[in-house]
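Novice: Quick one: the structure is below, and I'll ask about it shortly.
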Amino acid sequence: MDTRFTRRQVFGGSARLGLALACGVPLLQACGSSGSSSKKQTVSIKDGVKPEAGPLRILNYDSYVGPDIISAFEAKYGIKVEITTFTTDDEAITKLASGAVDVDLHHSAGTSTLYKLIDAGLIQPLNKSYLTNIGNVSSSLRDPYYDKGAVYTVPYTVFGTGIGFRADKVDPKSVSWETLWNPTYKGVTSILDDVREGLAMAMMRKGLTDVNTTHPAVIKQAGADLGQLTNLMNIKVEIEGYHTIPEGATTVAHTWSGDMLTAVGYLPEGTGDEVLGYWQPDPAVINNDVMCVLTKAKNPVLAHLYVNFLLDKTNAQTNFKYVGYQPAIEGLGAQELIAAGLVPAHLSSCVMSNDQIAKGYRYLQLTPDVDALWNDAWSKFRAGG
């Protein structure tokens, strides 16, 4: 089985590393504020410019785009694509702000920190005359809260947070956040190794839906509730559910929707995918990654054309086969992906509708003092007290 280092393996680490890096870029001192008055103005490219000779240089998580897609784009435009990888969202921002990387396209920017790229003038407004497939974007993400008017970004993938489980060992109808506290599954249960996901899950278990809360008592209590899992469940804190569930090492896992679709490929030979199950609340916490063109791009036309290439439905579906995360494309919902044989019908809950995406809870950037409260509560849980 493929063991490549993927976007699913680094997402959890970003929250931990983010505490150290979030305010470490001199260019981005407005940490925690999305309304900086010092935003640097940038302009988009002109209409009708011919594509550059390349190579097109992309900044992306490792293995977060299909090789077939890259090859097809290279063949269509007669150029080469070079991919530089990063492991956390904050690392990407730091490298872009410092000039440590020289790229044309940020393939997978985080939405809660997008304002840093905009305020620092690191990305340019898109010229949508090059994006002839822009109408294929999921309707729920055409005017997103993080980039009103979709001036700078195009969504790439979208995913929710819920519980993956072995349906041959757990009654699917019984699954909820409370299942993570059910001692029946002691020793075979895990939660995501991510401060925001972990604490927010504990809050939602008690009916609290402000996943960006600033209240110290609420944050502290969430940490204490997670602390119960140490002895009660001998809880595993990891981001490996995509392979530990199909392999049988984990029965119940707090995980991402895309990971459960990927899990199908990790099933032992002879084991049917009916043993996999996924539940998430409605509304759920929703995340998505976005693509944006760098202000200093040497190949901005090619960058636009690449984004447009991924907005093609056929290409998006091909890419989905590789990355396992739902493309933010209209008409590629559960029904279509099931019909194409790409999603098992019983895992349709891993693919979200426009309505679910639109009403989902979103993680927003926290101010440094509030971020410290979240990290303190998480650290105490991880330390066992």
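Novice: Residue-wise, which Karplus ³J(HN,Hα) couplings in Hz belong to region 105-119, taking 6.51 cos²θ - 1.76 cosθ + 1.60, θ = phi - 60°, and x for glycine or proline?
Specialist: Values per residue, Gly and Pro as x: 9, 8, 6, 9, 7, x, 6, 6, 10, 4, 4, 5, 5, 5, 4 Hz.
Novice: May I ask you to evaluate 6.51 cos²θ - 1.76 cosθ + 1.60, the Karplus curve with θ = phi - 60°, for each residue of region 233-241 and list the ³J(HN,Hα) values in order in whole Hz, giving x for glycine and proline?
Specialist: Result, ordered by residue: 10, 6, 5, 9, 10, 7, 10, 10, x Hz.
Novice: Under 18 Å Cα to Cα from Lys206, which aspartates and glutamates show up? Leave out anything in the same chain fewer than 8 places away.
Specialist: Straight-distance partners of Lys206: Glu178, Glu197, Asp225, Asp282.
Novice: To the nearest Å, what is the center-to-center distance of region 77-116 and region 298-364, using C-alpha atoms only?
Specialist: 21 Å
Novice: Name the aspartates and glutamates eligible as straight-distance cross-link partners of Lys298: C-alpha to C-alpha under 18 Å, and not fewer than 8 places from it in the same chain.
Specialist: Within the straight-line cut-off, Lys298 pairs with Asp47, Glu52, Glu74, Glu82, Asp102, Asp104.
Novice: Right, here's the next one. About its Cα centre, how strong a charge dipole does the chain have in debye, to the nearest 20, once Lys and Arg get +1 and Asp and Glu get -1 at the Cβ?
Specialist: 700 debye
Novice: Something else about it: If you build a Gaussian network model of the chain, linking Cα atoms that sit under 10 Å apart, which residue out of Ser190, Ser129, Ser63 swings the most?
Specialist: Fluctuation is largest for Ser129.
Novice: Also: Rank these for me by crowding, Tyr242, Tyr266, going from fewest to most other beta carbons within 10 Å.
Specialist: Listed from fewest to most nearby Cβ atoms, that is Tyr266, Tyr242.
Novice: Per DSSP helix of 4 or more residues, -39500 (n - 2.57); summed, then divided by the residues of the chain. What does that give at 222 nm, rounded to the nearest 500?
Specialist: Details: 13 runs with 134 residues, N = 385.
Helices in the chain give a 222 nm mean residue ellipticity of -10500 deg cm²/dmol.
Novice: Which entry is the computed Cα extents along the principal axes in Å for this structure: (1) 77, 46, 40; (2) 63, 49, 33; (3) 55, 52, 50?
Specialist: Only one listed value fits the structure, namely (2).
Novice: May I pose another question? Going through the cross-link list Lys39/Lys80; Lys95/Lys380; Lys46/Lys359; Lys76/Lys296, which pairs have a Cα-Cα distance over 27 Å in this structure?
Specialist: Where the Cα-Cα span goes over 27 Å, the pairs concerned are Lys39/Lys80; Lys95/Lys380; Lys46/Lys359.
Novice: Around Ala345, with a cut-off of 14 angstrom between Cβ atoms, what is the net charge of the other residues, counting Lys and Arg +1 and Asp and Glu -1?
Specialist: Around Ala345, the charge tally is -3.
Novice: Suppose the chain between Ala345 and Asp47 were pulled fully straight at 0.36 nm per residue; how much longer would it get relative to their current alpha carbon spacing?
Specialist: Full-extension gain reported as 102.9 nm.
Novice: Among Phe320, Thr213, Leu232, whose Cα lies farthest out toward the positive end of the dipole of the chain, if unit charges sit on the beta carbon of Lys, Arg (+1) and Asp, Glu (-1)?
Specialist: Thr213
Novice: How far apart, in nm, are two points set 7 Å out from the Cα along the Cα-to-Cβ line at Ser353 and at Lys128?
Specialist: If labels sit at Ser353 and Lys128, their model points lie 2.6 nm apart.
Novice: For region 231-263, list residues with backbone N below 14 Å from a point placed 7 Å from the Cα of Asn182 toward its Cβ?
Specialist: In region 231-263, the label zone of Asn182 (backbone N under 14 Å from the point 7 Å along Cα→Cβ) covers 251-254.
Novice: What nm distance separates the two modelled labels at Lys296 and Asn212, each placed 7 Å from Cα along Cα→Cβ?
Specialist: Using points 7 Å along Cα→Cβ, the separation is 3.0 nm.
Novice: Can you give me the distance in nm between label points at Leu364 and Leu232, each placed 7 Å from the Cα along the Cα-to-Cβ direction?
Specialist: Taking the simple label geometry, Leu364 and Leu232 are separated by 3.0 nm.
Novice: Then there is this: Which residue, Asp210, Asp194, Asp289, has the most motion in a Gaussian network model of the chain that connects Cα atoms within less than 10 Å?
Specialist: Asp210
Rule-based calculations on the coordinates, nothing more; no lab input. Note that this is a predicted model, so its numbers are computed, not measured. Please note: Cβ atoms are built from the backbone with ideal geometry, for glycine as well, and neighbour counts cover all protein chains shown.
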